[in-house]
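Step one of this worksheet: look at the structure below.
The values are calculated or read from the model by the stated rules, or taken from the named source; none is laboratory data. These figures come from a predicted structure and were not determined experimentally. Neighbour counts run over all protein chains shown; Cβ positions are idealised from the backbone, glycine included. Protein only, heavy atoms only, side chains kept; ligands, DNA and RNA dropped before computing areas. Shrake-Rupley method; radii C 1.70, N 1.55, O 1.52, S 1.80 Å.
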Amino acid sequence: MGSVQTLEPGEFTLADLDALPDDGMRYELVDGQLLVTPAPLAIHQRVAGQLFLRLQPACPEGLEVFFAPFDFRPSRHRSLQPDLLVCRSGDVGPRGVEFCPLLLAVEILSPSTRMTDLLLKRALYEESGVSSYWIVDPEAETLTVLELDNGNYVERVVAKGNETFEAELPFAVRIVPGELVRPVNGG
């Protein structure tokens with residue numbers, strides 16, 4: 001009978017992460033700690049889809065838009081999965097974006113990830129040199145836009161409800177937070 005190897009918290013590696021099953025859970029790695037997130041709620045998926053539908057057509061040549069699950073590995077000890085991300089096409093490898101900063105990371109708040117997205121991931125994206133970090137709160141219908149300035153995030157705008165945010169970074173695109181939460185077909 002074979003033995004099962006167990007890992008102590010703080011000992012997970014990228015190799016361990018790569019060996020996990022594709023079971024619908026979202027696995028992320030932060031300095032040896034495994035973060036596990038359940039499948040997102042319908043409102044989360046609606047916002048992610050609507051945001052992708054706005055970003056993708058506006059995305060210029062040489063850049064790409066991806067949605068989770070898609071790995072951003074800023075170091076050998078971290079693997080994060082923003083809900084959406086924008087990166088340079090040349091930075092995309094077989095396992096995602098490795099050891100290159102993102103141009104944009106987007107997180108959509110949900111009850112199970114709210115504090116992680118607002119505190120931990122904000123700090124990790126900032127430390128990793130992610131140029132822009134957008135936080136969408138579906139319940140409040142807000143989009144908070146943070147941009148790096150001398151290595152620290154600065155809040156550039158908080159768009160609410162039907163207010164229009166005209167993004168310049170990572171490229172020009174128009175976002176209205178209230179439109180992201182509504183069903184496309186008026187359902």
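Computed quantities for the displayed model
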quantity: Among the residues listed as Val154, Val92, the single one being at pLDDT 95 or above, surrounded by fewer than 18 Cβ atoms within 10 Å (Cβ to Cβ) and closer than 28 Å to Leu14 by Cα; calculated: Val92
quantity: Filter result for the condition that a residue is among the aromatic types (Phe, Trp, Tyr) and closer than 28 Å to Val184 by Cβ, over Phe72, Phe12, Phe99; calculated: Phe72
quantity: Residue selected from segment 157-177 under the condition more than 21 Å from Leu118 (Cβ to Cβ) and free of Cβ contacts under 8 Å to residues at least 40 places away in the same chain, by the criterion least open to solvent (accessible area, probe 1.4 Å); calculated: Val176
quantity: Filter result (surrounded by fewer than 12 Cβ atoms within 10 Å (Cβ to Cβ) and either in contact with a Leu (Cβ under 9 Å, 6 or more places away or on another chain) or modelled with pLDDT of 85 or more (or both)) within segment 4-17; calculated: Leu7, Pro9, Ala15
quantity: Counted residues, segment 118-166 - those being closer than 22 Å to Glu28 by Cα and among the charged types (D, E, K, R); calculated: 5
quantity: When residues of segment 87-134 are limited to those that are among the β-branched types (Val, Ile, Thr) and under 13 Å from the mean Cα position of the chain (by Cα), the one nearest to Val154 (Cα to Cα); calculated: Val130
quantity: Of residues in segment 159-179 being under 18 Å from the mean Cα position of the chain (by Cα) and part of a strand (DSSP E or B), the one nearest to Arg46 (Cα to Cα); calculated: Ile175
